[in-house]
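Accompanying notes for the structure given below.
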Amino acid sequence: MQRDLRALADTSFDLVVIGGGLFGAFAAWDAALRGLSVALIERGDVGGATSANSFKIVHGGIRYLQHADVYRIRQSSSERRALLRIAPHLVRPLPIVIPTHGSGLSGRAALRAGLAAYDLLTPDRNSGLPDPARRIPPGRMWSRATVLERYRDLVRPDVTGAGVFTDGQFTNPPRLVLAVARSAAAAGAIVGSYVEATGFLRRGDAVTGVVARDCLGGGDFEVRAQTVVNAAGPYAETLLTRSGFPLPSPGTYSRDACFVVPRRLLPDDHALAILGRTRDPDARLSRGARHLFIAPWRDYTLVGTWHRVQQPGSLDIHVTDDHLAGFVDEVNHSAPGLNLHLADISASYSGLVPFGENPSGAEDLRYGHRSQLIDHARVHGCANLITLIGVRLTTARFEAERAIDLVFRKRARRPPPCRTAITPVQGGDISDTDALAGNAERETDHRVPAQVARQLVGNYGTEFRGLLAEEGERPLDTIGDSTTIRAQVYRAVRSEAALTLEDVILRRTDLGSGAYPGREALEECGVIMASQLGWTSADVDRQLAAVEAKFPPWEVARRPAGRPPKGVTCV
């Protein structure tokens, strides 16, 4: 997959999709698989905005029991199953422990009943999953003694036990989006990152494409298409308003935030739910305060999620040090045994998601419940334009399917069957992930350490073999003290449309997704990219500064500046 602006400008497409997050990538892949010619454009890096900044949970729908929302329970379970099937190397089951207290809805009996009800409502949750390691087990109960043995310093003294259910976890969300986008490209789609849609082409009462801007090189050009799907997430409404298509009821958005601690805080691979300080006003069956979650993620721990309603039109999602300090205080109040400090945070994630309607100053916030699929022929009398604003990453594939069904109906055609729920993404045709990881260790023939081989399988699936044959300066050497090899940087530039150092450090590799990797690692990646993209030393310096600005200053200060690697020079 490469950025090809000439192909975008010179081709007339059946469909152009605006937005390269998970919703847009799935829409482009689905449309391409169904035989449409497709362009996918994204104003930043593919998968670089909200999709990269979530809490990384694949929701199976158990929390919707409190809302008595059977539709969302069934839909979420089905989509979790689809993700585990088509991308087993990038999505894994995550057991979650919910402590119980006293009686009533917070007690053992109520939670046992809830787990049993969820299992009854999702009997097909493992249907068609070949990999035993990717199947979702039934819920179960733990005794008080078991909970205290594992989490004595993290639970309240009056704990009576716990319920354990299993959801899913994105192990690397940006690489999942990339895998879907690359799958779309393999099916014939043209993918353009750092291409912003600034407006729509119009002919009478119909949209005929988009006006686009090259965000790297500058200059405007047109991308012509018979239909446009606006899947730009929280930026979709901004584009519509700027283009004269304001929505009758503008959406409400929340900045969802979480933070990373660069070590495991829990003794096992289970996540732990702790009580926060707010409630869910929409819950029909409330267990009290909303849960925060402490979740193992690779070699790190994720803690979150916190929500803040955004002012209308505001796209500022910056998390300040004061916000982080408040998050740490709330966690320590609920789980004092953690004794976290602001300096323990190595990274934070924040993204905009649709939210419910909330009065000004409300602390107990209503979440968004349904994605929006808008046919602008009905709303604005303008043909060939569809907007998709999704609520949950878990259901991105399903919502994209709905959008492409509508594309075909607007073309007066019966929609062909959607195949994205059963078609593996690039690298995802895996029947046994553990066996593949074991094979990778043998196939590398000791050319890379065992932990590196497993990392390659975890990020690339069956495509890990291509990394071993990648050409470049010392391609199999690890970068710094990480498990990332230099071949991954070469591949990111040559085959994965990486155009900035951020793309490589934060999204193509694991180097900076959980903590600052150190100046030396950044410089090594920078000079590799310079050798491929023709950067000057000044270009590399600018790229280094942009990446370091993404991390807390105290985290950067812990890893002093290194030296450029020997044997490689910038242009």
Binning at 5 angstrom from zero up to the longest distance, how are the C-alpha pair distances of the range 419-491 distributed in percent? 3, 17, 28, 23, 15, 8, 4, 2, 0
The range 214-250 and the range 407-447 have their Cα centres apart by a whole-number Å value of 30
Among Pro424, Leu406, Ala396 - extreme Cα towards positive end, dipole of the range 378-467, charges at beta-carbon: Leu406
Kindly identify the range 140-194 as rounded, prolate or oblate by the Cα gyration tensor criterion: order the square roots of the eigenvalues as a ≥ b ≥ c, call it rounded if a/c is under 1.5, otherwise compare a/b with b/c, prolate if a/b is larger, else oblate. prolate
Please state the charge dipole magnitude for the chain, taken about the Cα centre, from unit charges on C-beta atoms (+1 on K and R, -1 on D and E), reported in debye and rounded to the nearest 20. 1520
Working from the pairwise distances between different alpha carbons, so that the mean of 1/r is found and then inverted, what is the range 470-558's Kirkwood radius in Å? 12.8
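Could you size up the charge dipole of the range 141-282 around its Cα centre, putting +1 on the beta carbon of Lys and Arg and -1 on that of Asp and Glu, and report it in debye to the nearest 20?
Charge dipole, the range 141-282, about its Cα centre: 180 debye, nearest 20.
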Base-10 log of normalised Debye intensity for the chain (one unit scatterer per alpha-carbon) at q = 0.05, 0.12 Å⁻¹: -0.20, -1.27
When the charge dipole of the chain is computed with +1 on Lys and Arg Cβ and -1 on Asp and Glu Cβ about the Cα centre, the Cα farthest towards its positive end, among Leu115, Cys382, Thr238, belongs to Leu115
Could you check the simple spin-label distance between Asp445 and Asp541, using points 7 Å along Cα→Cβ, in nm with one decimal? 4.4
The range 26-51 to the range 169-208: how many Å between their Cα centroids? 3
To the nearest 20 debye, the range 470-558 has a Cα-centred charge dipole, built from +1 on Lys and Arg Cβ and -1 on Asp and Glu Cβ, of 160
Arranged from highest to lowest average of other beta-carbon atoms within 10 Å per residue, in what order do the peptides 182-193, 290-301, 539-550 appear? 182-193, 290-301, 539-550
Which of the listed residues, Trp535, Tyr516, Ala487, is farthest toward the dipole's positive end in the range 470-558, when Lys, Arg count +1 and Asp, Glu count -1 at the beta-carbon? Tyr516
Packing rank of 503-511, 35-43, 239-247, 449-457, where each peptide gets the mean count of other beta carbons within 10 Å, highest leading: 503-511, 35-43, 449-457, 239-247
Pairwise FRET efficiency - Arg414 versus Ala343, Cβ, R0 = 41 Å, nearest 0.05: 0.10
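Shape verdict for the range 469-522, please, from the Cα gyration tensor: rounded (a/c under 1.5), prolate (a/b greater than b/c) or oblate.
Oblate, since a/c reaches 1.5 and b/c is not below a/b.
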In sequence order, what are the phi-derived ³J(HN,Hα) couplings for the range 85-97 according to the Karplus relation 6.51 cos²θ - 1.76 cosθ + 1.60 with θ = phi - 60°, rounded to whole Hz, with x for glycine and proline? 7, 8, 9, x, 7, 10, 9, 9, x, 10, x, 10, 9
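FYI, it's all coordinate maths here, none of it is from the lab. Small disclaimer: the values here were computed from a predicted structure and weren't measured. Here Cβ is always computed from backbone atoms with ideal geometry, including for glycine, and neighbour counts include all displayed protein chains.
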